[in-house]
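Everything on this sheet refers to the single structure shown next.
Derivation of every value follows stated rules applied to the coordinates shown; laboratory data play no part. What you see is a predicted model, and the numbers here were worked out from it, not measured in a lab.
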Amino acid sequence: MLTREGCPENILAIKDALDALEGRWKLLIMVSLVNGNKRFKEIAREIGITDKMLSKELKTLETNKLIKRDVYDTFPPTVEYSITAHGKSLDNVLESLSKWGKQHRKEVIG
């Protein structure tokens with residue numbers, strides 16, 4: 001649990017985390033990639049996102065070193081996305097969010 005000591009430090013750390021993961025789609029993209037590499041269209045279909053928005057979000061996740069993009073020399077070129085080791089460090093966060101989301105849904109919806 002967070003304490004009063006180091007409060008500005010905690011706020012800064014949470015701000016950094018939220019900056020890297022902000023928005024509606026980034027965490028869903030991460031969850032989509034948890035079970036292995038996926039192509040662009042696979043991710044888009046799974047989470048229901050437009051191509052333009054997915055492209056933008058993937059670039060941001062790649063910039064933050066949470067995912068990586070692999071391009072294979074095929075015709076046409078094959079591109080796959082996967083979670084990096086740094087991205088895998090979010091496993092506990094994603095699991096906790098999922099658990100909390102299920103409890104919240106029960107509380108709010110019934």
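Of all the options R39, R69, R24, the one that moves most in a Gaussian network model of the chain with Cα springs shorter than 10 angstrom is R24. Measuring between alpha carbons in the structure, the pairs from K26/K99; K52/K88; K56/K106 lying more than 29 angstrom apart are K56/K106. Here is how the number arises for the chain: DSSP H runs of 4 or more residues each give -39500 (n - 2.57), the sum is divided by the residue count, and the result at 222 nm is -18500 deg cm²/dmol. Across 5 Å bins from the origin, how do the percents of Cα pairs in the chain run, short distances first? Pairs per bin, as whole percents: 2, 10, 18, 20, 18, 13, 9, 5, 2, 1, 0, 0. If the segment from A85 to I47 were pulled out straight at 0.36 nm per residue, it would be longer than the present Cα-Cα gap by 11.4 nm.
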